[in-house]
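*Asks:* Quick one: the structure is below, and I'll ask about it shortly.
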Amino acid sequence: MDLILTAIWNALSLWTLLSVAGGVLIGIVIGAIPGLNAPMAIAVAIPLTFAMSPLSAIGMLVGVMKGGGFGGAVGAILLNTPGEPHSAATTLDGHPLAKSGKPRKALQTALYSSVVGDSCSDLVLILLAPVLAIYALKAGPVELAAILILSLTLVASLSGRSLAKGIFAAALGALLATVGLDLETGNPRFAFGYIELYDGLPLAAVAIGVLAVPEIILRLQDGRQAKTARPDATSDGEDRLALSEFKRLGKPIFRGAGIGTAIGALPGLGTTLAAFLSYAATQRFSKQPEKLGTGALEGIAATESANSAVSGANLIPLLTLGIPGNLTAALLVGAFLIHGVTPGPMIFERNAELVYGLFAAMIMANVMVLLIGSLGLRVFALIVKVPPHVVYPSVLLLCVVGIYVSQGGFFAVWLMLIFAVLGFVMIKMEISVVCFIIGLVLGPMIELSIRQSVILLGRNPVAIFDHVFALCLVVATPIVAWILIRDRARLSDG
Amino acid sequence: MALLWWIIPAQVNDRGSFGLPPSLAPRALAWVMVLCGTVLALQNTRTPAQPGTGLNLKDIVFLAACVTAVGVMLMAMQAVSGWIGRPYAGFLCVAPLALIAFTALHGRAPIWVYAFNAVAVPALVYVTFWWGLRLPLP
């Protein structure tokens, strides 16, 4: 109990609160800019956290993640340009409502639903994660290897259009994760004579290179061809969300929070699925389903609560097993590792103070999103008007500077540039960058647990029959992948 | 294939291993990539890619222009401090020119945007990192 109180006290320190507030602000601002999104905001913010304490750093990045979620809704509602696929569901009702003279009401609905959905999933995380971690600690290397392979297969099956491309990307990520000194022999692998590569590829450089820089290059390229979207919504005066209206949104908000939490807890199933499932469920149970799609508050509430609920629940597999469920969680793993903390069940024993501090910081981040979001609605509406000619060149420079200061030299910046080329090609070839990053993060864990399993099983594959749970997972992996691919093929045909 | 027959044998040393050899994971992953690549190649022969998708010459030229701009900026930042004999001057001297180049790559922009990007943005970044975060820039 003392530990929990100390952790909460640390999370409430001025420096941590400022870090969380700064993160929320960065997240909202970057998320609101068309073309930029929450994972990019996290990738760009990681270098800023190098000088911070682990709690302040992770708190700041959690703030970016939560702020970015709401920021995405700003662009989706005012410009009809979703920064992320899940925000596309918000545009269905958000933009028509904004166009009808009620942009403030649409943004307020998105903000409050987002905060409620996020808080619900954070509560589930806080209650479930410590309990699940106790069970996870009972899993040995064989079981862990089976869980990791199943998770990676799930992610590969569900990301992008093609399973082969998903597995290719995950394998490439895992292959690049082998760069550096081998854990067993201490021999360098793929170092090409560079001593800088002995510690492995710097995750911040790879993440920014693959995620942020190619997106900026694509936006720079688009800027030569297309005109920038401009807000086409003006307030009609009666533009505030009344308490009675918000109370009526209770059902879609809590339904969305439930759907988002359930989906977020499973690796690979992302915010987009949660947002659209919640929207479909609201349409199914609505008394006036014909109003959805024309600017109904229910539609905005359902999608925003669901996609925000995913973010908290995503940390359940991350903290209990060390498995990142999506891109944002994968970037958070990178941040944890940079600050010397290894996510997984042991985190509750080795870094309990940090974990409980993180839980407190997450709650604080929700409060900050509510406060900053409410106070800054008018300002955030202006952000979408900033010319892209200013935004993208500046963000590109920020990526270079961020990697330079975080890695202390130009080597990592050159690496970032190489990975930017790879990321650009991957995006153009429709190869999932998400699978690549998750493969990169999970690669060392999978390799280590497989090596330990082989030694534990005495190099005898039949010995896996002594590990029934692992055996079930190994058998389930191809079956689950096949079912998911078949269902997706049916959906796309339908 | 180059990975399997050339890069892995040259870059991964298996001496001293008592469990699984260090090259096993890279080799296994390389084979997975070869397998997936073959599946994708077969899929492409059956259903050719739709026009307008994938990487085209225009994309490659634009990517090369952007990479060149960033690459020249990095080399200039590394070299400038030495040329003028002042440490940490690379960013201040090169960033304004690099931002003008990035803005030009984005297409036609009003002159005030060039001026803003060349003066205000580097100044803001400089102040934030040097004075705010106390982190030295190149």
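The values are calculated or read from the model by the stated rules, or taken from the named source; none is laboratory data. The shown structure was predicted, so the numbers you read here are calculated from the model rather than taken from an experiment. When we count neighbours, we look across all protein chains shown, and the Cβ atoms used for this are built from the backbone with ideal geometry, even at glycine.
*Asks:* Go through B:Leu124, B:Leu133, B:Leu137 for me and flag whichever is free of Cβ contacts under 8 Å to residues at least 40 places away in the same chain, aliphatic (A, V, I, L, M) and at the interface with chain A (Cβ under 7 Å from one of its Cβ atoms).
*Replies:* Of the residues listed, the single one that is free of Cβ contacts under 8 Å to residues at least 40 places away in the same chain, aliphatic (A, V, I, L, M) and at the interface with chain A (Cβ under 7 Å from one of its Cβ atoms) is B:Leu133.
*Asks:* Being in a helix (DSSP H, G or I), more than 18 Å from A:Leu377 (Cα to Cα) and either among the hydrophobic types (A, V, I, L, M, F, W, C) or in contact with a Ser or Thr (Cβ under 8 Å, 6 or more places away or on another chain) (or both): is that true of A:Ile77 here?
*Replies:* no
*Asks:* Scan B:Leu55, B:Leu74, B:Leu40 and give me the residue that is more than 23 Å from A:Val413 (Cβ to Cβ) and under 18 Å from the mean Cα position of the chain (by Cα). Give the steps one after another, and end with the answer.
*Replies:* Details: B:Leu74 fails: more than 23 Å from A:Val413 (Cβ to Cβ); B:Leu40 fails: under 18 Å from the mean Cα position of the chain (by Cα).
On inspection, the qualifying residue turns out to be B:Leu55.
*Asks:* Let me ask something additional. Among the residues of the stretch A:395-438, how many are in a helix (DSSP H, G or I), of a type in the set (Gly, Ala, Ser), under 18 Å from A:Leu197 (Cβ atoms) and at pLDDT below 90?
*Replies:* The total comes to 1.
*Asks:* Restricting attention to the stretch A:138-165, report how many residues are more than 14 Å from chain B (Cβ to nearest Cβ), farther than 24 Å from B:Asn44 by Cβ and assigned to a helix (DSSP H, G or I).
*Replies:* Within the stretch A:138-165, residues that are more than 14 Å from chain B (Cβ to nearest Cβ), farther than 24 Å from B:Asn44 by Cβ and assigned to a helix (DSSP H, G or I) number 8.
*Asks:* Of these, B:Ala76, B:Ala69, which one is closer than 21 Å to A:Gly423 by Cβ, touching a residue at least 12 places away in the same chain (Cβ under 8 Å) and of a type outside the set (Phe, Trp, Tyr)? Spell out how you get there, then give the answer.
*Replies:* Details: B:Ala76 fails: closer than 21 Å to A:Gly423 by Cβ.
So the residue among B:Ala76, B:Ala69 that is closer than 21 Å to A:Gly423 by Cβ, touching a residue at least 12 places away in the same chain (Cβ under 8 Å) and of a type outside the set (Phe, Trp, Tyr) is B:Ala69.
*Asks:* Would you say A:Ser121 is closer than 30 Å to A:Val474 by Cα, at pLDDT 85 or above and hydroxyl-bearing (Ser, Thr, Tyr)?
*Replies:* yes
*Asks:* Same structure again: Collect the residues in the stretch A:351-376 that are outside any helix (DSSP H, G or I) and of a type in the set (S, T, N, Q), keeping them in residue-number order. Spell out how you get there, then give the answer.
*Replies:* As a first pass, look at the stretch A:351-376 and keep what is outside any helix (DSSP H, G or I): A:351, A:376.
The one that is outside any helix (DSSP H, G or I) and of a type in the set (S, T, N, Q): A:Asn351.
*Asks:* Follow-up. I'm trying to understand the selection: among the residues of the stretch A:270-296, which are hydroxyl-bearing (Ser, Thr, Tyr) and in contact with a Leu (Cβ under 8 Å, 6 or more places away or on another chain)?
*Replies:* Residues satisfying the conditions are A:Tyr279, A:Thr282, A:Ser286.
*Asks:* Oh, and also: Which ones in the stretch A:166-213 are more than 7 Å from chain B (Cβ to nearest Cβ), in a helix (DSSP H, G or I) and surrounded by fewer than 24 Cβ atoms within 10 Å (Cβ to Cβ)?
*Replies:* Across the stretch A:166-213, the qualifying residues are A:Leu176, A:Ile195, A:Glu196, A:Leu197, A:Tyr198, A:Asp199, A:Leu203.
*Asks:* With respect to the numbered conditions (1) within 16 Å of A:Leu397 (Cα to Cα); (2) surrounded by 13 or more Cβ atoms within 10 Å (Cβ to Cβ); (3) of a type in the set (A, V, I, L, M, F, W, C), which one is the sole condition not fulfilled by B:Val119?
*Replies:* (2)
*Asks:* A follow-up question, please. Are any residues in the stretch A:323-360 without any contact (Cβ under 8 Å) to a residue 24 or more places away in the chain and among the aliphatic types (A, V, I, L, M), and if so, which ones?
*Replies:* A:Ala329
*Asks:* Select from the stretch A:45-63 the residues that are in a helix (DSSP H, G or I), under 19 Å from A:Gly209 (Cα atoms), in contact with a helix residue (DSSP H, G or I) (Cβ under 6 Å, 6 or more places away or on another chain) and touching a residue at least 24 places away in the same chain (Cβ under 8 Å) and list them in ascending order.
*Replies:* A:Ile46, A:Pro47, A:Thr49, A:Leu61
*Asks:* Next up: With respect to the numbered conditions (1) more than 26 Å from the chain's Cα centre (by Cα); (2) within 11 Å of chain A (Cβ to nearest Cβ); (3) farther than 22 Å from A:Gly173 by Cα; (4) assigned to a helix (DSSP H, G or I), which one is the sole condition not fulfilled by B:Ala95?
*Replies:* Only one criterion is unmet by B:Ala95, namely (1).
*Asks:* Could you say which residue among A:Ala11, A:Ala38 is modelled with pLDDT under 85 and farther than 30 Å from A:Gly223 by Cα?
*Replies:* Details: A:Ala38 fails: farther than 30 Å from A:Gly223 by Cα.
None of the others qualify; the one that does is A:Ala11.
*Asks:* Moving on to the next point. State all residues of the stretch B:19-38 that are farther than 13 Å from A:Ala174 by Cα and at the interface with chain A (Cβ under 7 Å from one of its Cβ atoms); if no residue qualifies, say none.
*Replies:* B:Gly19, B:Leu20, B:Pro22, B:Cys36, B:Gly37
*Asks:* Among the residues of the stretch B:39-71 satisfying the criterion of being touching a Leu at 6+ places or on another chain (Cβ under 9 Å) and more than 7 Å from every other protein chain (Cβ to nearest Cβ), which is surrounded by the most Cβ atoms within 10 Å (Cβ to Cβ)?
*Replies:* The selected residue is B:Ala69.
Yes or no, residue by residue, for (1) under 30 Å from A:Gly166 (Cβ atoms); (2) modelled with pLDDT under 85:
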site: A:Ala207; (1), (2): yes, no
site: A:Asp222; (1), (2): yes, yes
site: A:Asp236; (1), (2): no, yes
site: A:Leu241; (1), (2): no, yes
site: A:Thr261; (1), (2): yes, no
site: A:Leu273; (1), (2): yes, yes
site: A:Ile300; (1), (2): no, no
site: A:Ala309; (1), (2): yes, no
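*Asks:* Out of A:Val379, A:Val391, A:Val386, I need the residue that is within 14 Å of another protein chain (Cβ to nearest Cβ), under 30 Å from B:Val119 (Cα atoms) and either part of a helix (DSSP H, G or I) or of a type in the set (Lys, Arg) (or both). Which one? Working first, answer last.
*Replies:* Numbers: A:Val379 fails: within 14 Å of another protein chain (Cβ to nearest Cβ); A:Val386 fails: either part of a helix (DSSP H, G or I) or of a type in the set (Lys, Arg) (or both).
The unique qualifying residue is A:Val391.
*Asks:* Collect the residues in the stretch B:81-92 that are loosely packed, with under 11 Cβ neighbours inside 10 Å and either on the phi > 0 side of the Ramachandran plot or within 11 Å of chain A (Cβ to nearest Cβ) (or both), keeping them in residue-number order.
*Replies:* Answer for the stretch B:81-92, where residues must be loosely packed, with under 11 Cβ neighbours inside 10 Å and either on the phi > 0 side of the Ramachandran plot or within 11 Å of chain A (Cβ to nearest Cβ) (or both): just B:Gly85.
*Asks:* Could you tell me which residue of the stretch B:98-117 is nearest to B:Val72 (Cα to Cα), considering only residues that are within 8 Å of chain A (Cβ to nearest Cβ) and hydrophobic (A, V, I, L, M, F, W, C)?
*Replies:* B:Ala98
For every residue, the table says whether it meets (1) out of contact with any Asp or Glu (no Cβ under 8 Å at 6 or more places or on another chain); (2) farther than 30 Å from A:Ala207 by Cα; (3) within 14 Å of chain B (Cβ to nearest Cβ).
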{"position": "A:Phe424", "(1), (2), (3)": "no, no, yes"}
{"position": "A:Val434", "(1), (2), (3)": "yes, no, no"}
{"position": "A:Leu440", "(1), (2), (3)": "yes, no, yes"}
{"position": "A:Pro444", "(1), (2), (3)": "yes, no, yes"}
{"position": "A:Ile455", "(1), (2), (3)": "yes, yes, yes"}
{"position": "A:Pro461", "(1), (2), (3)": "yes, yes, yes"}
{"position": "A:Asp466", "(1), (2), (3)": "yes, yes, no"}
{"position": "A:Ala470", "(1), (2), (3)": "no, yes, no"}
{"position": "A:Ala476", "(1), (2), (3)": "yes, yes, no"}
